[in-house]
Amino acid sequence: MRTPIIAGNWKMNLLNKDAETMVTELVPLVKDADCEVVLCVPYTDLLTVRKCVRGTNIKLGAQNVHWAESGAYTAEISASMLKELRIQYVVVGHSERRQYFGETNEKVNLRAKAALASKLRPIICIGETLEEREAGRMEDVLYTQVVECLKGFKSWDFDKSIIAYEPVWAIGTGKTASPEQANAACKFIRDTIKKKFSAKIADKIRIQYGGSMKGSNVKELMAMSEIDGGLIGGASLKADLFAEIVNYNK
Ligand code: PGA
């Protein structure tokens, strides 16, 4: 049995005061959740949110991590810096990083491995663009992303890793993949992991869906056999909207 995991990705949103208000409102709304609840917030909100989630069932995550331990990498943040703040999760390879900041599978792999080496749990994002899907290349793209982003992973690394399948055309567009489309892609990812690693690993790894997930579609997405959670952007910024997703089976 895979424990469902619902994670919010605030992206570049919410100043400290707003972060505090949001999380203070969220805490009582999600306290009885049956799934794991995570908030991946801007670096500048980490300390504020950490204070608000202390002693609750909400876990804290960052949105990126550098692969080096320290050094001349202006503006970057290392895994041990996050670890020092007692962060548990970190998003790597988000499509916005790929699209706007030249992120490659190779770098995503380095970031994920650095996170794992510091006992952080990477949420590794993959997904095809609309152009790739329409050209019939979805499986090729996902295959390459899985193989390159998980390169060199040891079996125990998979216990700590989450895959987020996020079709780029569904992110922030209001367009959601149908439950069947999302499930088929997640199944393809799981089958690839089975082929490249093992059936046991494939069976255990949690795969989230991301892309305009909200209260009105979470139930049917979460009912699909291969979808173990969600990575939520827009709808994770408001406590009531995010709580509706977290409490999808109430
Ligand atoms: P969205 O973003 O929920 O706003 O579509 C999802 C994501 O980018 O992780």
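Pulled fully out, how much extra length does the chain show between Thr173 and Lys204, if you take 0.36 nm times their separation in residues and subtract their Cα-Cα distance? Don't skip to the end; give the middle numbers.
Working: separation 31, 0.36 × 31 = 11.16 nm, distance 3.06 nm.
Extending this stretch completely gives an extra 8.1 nm.
For the chain, modelled as a Gaussian network with Cα springs under 10 Å, which listed residue fluctuates most, Gly152, Gly93, Gly234? Highest fluctuation of the listed residues: Gly152. Per-residue ellipticity at 222 nm computed for the chain from its helices equals -12000 deg cm²/dmol, with DSSP H segments shorter than 4 residues left out and the rest contributing -39,500 (n - 2.57).
Taking the protein heavy atoms of the chain in the context of the full set of protein chains, the accessible area attributed to carbon and sulfur is 53 percent at 1.4 Å. A crude spin-label estimate for the pair Asp34 and Asn249, with each label 7 Å from Cα along the Cβ direction, gives 0.4 nm.
Largest to smallest in accessible area, the residues Ser236, Ser198 fall in the order Ser198, Ser236 (1.4 Å probe, all protein chains included). Of the candidates Ala185, Ala177, Ala117, which one comes out as most mobile in a Gaussian network treatment of the chain with C-alpha springs shorter than 10 Å? The residue with the greatest mean-square fluctuation here is Ala117. Computed from label points 7 Å out along Cα-Cβ, the spacing between Leu85 and Lys195 is 3.9 nm. For the chain, the percent of C-alpha pairs falling in each 10 Å distance bin, counted from 0 to the bin holding the largest distance, reads 8, 34, 38, 18, 2. A cut-off of 5 Å between modelled amide H atoms, ignoring neighbours fewer than 5 places along the same chain, links Lys59 with Val37, Val38, Leu39. Label point 7 Å out from Lys51 along Cα-to-Cβ: which residues of the stretch 1-42 have amide N under 20 Å? Answer for this model: 13-28, 39-42. For the stretch 12-121, lysine pairs with C-alpha atoms less than 26 angstrom apart, excluding pairs fewer than eight positions apart on the same chain, total 19.
When ligands, DNA and RNA are left out and all protein chains stay put, how many square angstrom of accessible area per residue does the stretch 129-186 have with a 1.4 Å probe? Provide the component values of the computation, followed by the final result.
Working: 2800 Å² over 58 residues.
For the stretch 129-186, the solvent-accessible area averages 48 Å² per residue.
Under a point-charge model restricted to the Cβ atoms of Lys and Arg (+1) and Asp and Glu (-1), what is the dipole moment magnitude of the chain relative to its Cα centre, in debye to the nearest 20?
Details: 35 positive and 31 negative charges, 156 e Å.
In total the dipole reaches around 760 debye.
For the residues Ser70, Ser118, a 1.4 Å probe over the protein chains yields an accessible-area ranking, largest first, of Ser70, Ser118. Projecting the Cα atoms of Leu60, Met12, Tyr100 onto the charge dipole of the chain, computed from C-beta unit charges around the Cα centre, puts Leu60 farthest toward the positive end. With the whole protein complex present, Thr176 retains an accessible surface near 40 Å², based on a 1.4 Å probe. Inter-label distance, Ser155 to Glu106: 3.0 nm, where each label sits 7 Å from its Cα along the C-beta direction. Gap in Å between the Cα centre of the stretch 161-209 and the Cα centre of the stretch 124-157? Centre-to-centre (Cα) distance: 9 Å.
When Tyr143, Tyr248, Tyr73 are compared by accessible area at a 1.4 angstrom probe, the order from most to least is Tyr73, Tyr143, Tyr248.
Bridging of Lys151 to aspartates and glutamates at a Cα separation below 12 Å is possible for Glu106, once same-chain residues fewer than 8 apart are set aside.
The values are calculated or read from the model by the stated rules, or taken from the named source; none is laboratory data. All figures in this text were calculated on a predicted structure; none of them were measured in a lab. Every residue, glycine as well, gets a Cβ built from its backbone with ideal geometry; the counts of neighbours run over all protein chains shown. Please note that ligands, DNA and RNA were not included when accessible areas were found on the heavy atoms of the full protein model with its side chains. Shrake-Rupley method; radii C 1.70, N 1.55, O 1.52, S 1.80 Å.
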